[in-house]
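The values are calculated or read from the model by the stated rules, or taken from the named source; none is laboratory data. Just so it is clear, the structure is predicted and the values come from calculations on it, not from any experiment. Counting neighbours? That spans all protein chains shown, and the Cβs are built from the backbone with ideal geometry, glycine included.
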Amino acid sequence: MTSSLSIEPARPHDAAVLMGLVRELARFERLEHLVVATEQQIRDELAAPRPVIEAALARQGSEAVGFALYFHNYSTFLGRRGLYLEDLYVVPQARGRGVGRALIVWLAALARQRGCGRFEWTVLDWNEHAIAFYRSIGAEVLPDWRICRVTGAALDRLADGSP
């Protein structure tokens, strides 16, 4: 990692940069067709009095080379809030230079500062490089947990009480 790397909280004026990185992440994960979020939605959320999301931008000089988007969740078992990392992405030309690790360390320090009982995230099962990286920094990859998701028409049916 070069000494010019900086990590700072994203502000509403960073929405365009964030959306560009989100699209790059979606391409990498082969999920670009699912991106419907807009720059305006990100800007509005970052500017909200009580934003649901927060983000950190990693910059090499003035160039954005990575981001982390996160929010708080809550553990009923711990009786404390946690920090959940929704997305972490480093542009290809900056990989292997400590940017991802720097973002994770920044978030871990934030979680500790905010009194969080957990810092957690998910990883795609085919992303062996990321899994190895996460294990190398001390993360436990939990094999017994699966994500459950209801979206779109299925969410509408469920909300209506339909089968």
Margin query: For the structure I just gave you, tell me whether residue 95 is surrounded by 13 or more Cβ atoms within 10 Å (Cβ to Cβ), free of Cβ contacts under 8 Å to residues at least 40 places away in the same chain, of a type in the set (Lys, Arg) and closer than 21 Å to residue 135 by Cα.
Written below: yes
Notebook entry, point to check: Within region 115-163, can you find the residues that are in contact with a strand residue (DSSP E or B) (Cβ under 7 Å, 6 or more places away or on another chain) and surrounded by 11 or more Cβ atoms within 10 Å (Cβ to Cβ)?
Noted result: 116, 117, 118, 119, 120, 121
Note to self: Just to verify a result, which residue in region 57-87, among those that are of a type in the set (Asp, Glu) and touching a strand residue (DSSP E or B) at 6+ places or on another chain (Cβ under 8 Å), is surrounded by the fewest Cβ atoms within 10 Å (Cβ to Cβ)?
What the structure shows: 86
Margin query: Of everything in region 1-53, what is assigned to a loop (DSSP other than H, G, I, E, B) and in contact (Cβ under 8 Å) with a residue 60 or more places away in the chain? Give them in sequence order.
Written below: 1, 2, 29
Next item on the list: Report whether or not residue 50 is loosely packed, with under 13 Cβ neighbours inside 10 Å and either among the aromatic types (Phe, Trp, Tyr) or within 16 Å of the chain's Cα centre (by Cα) (or both).
Entry: no
Next item on the list: Inspect region 144-153 for any residue being of a type in the set (S, T, N, Q) and modelled with pLDDT under 95 and give the result as yes or no.
Entry: yes
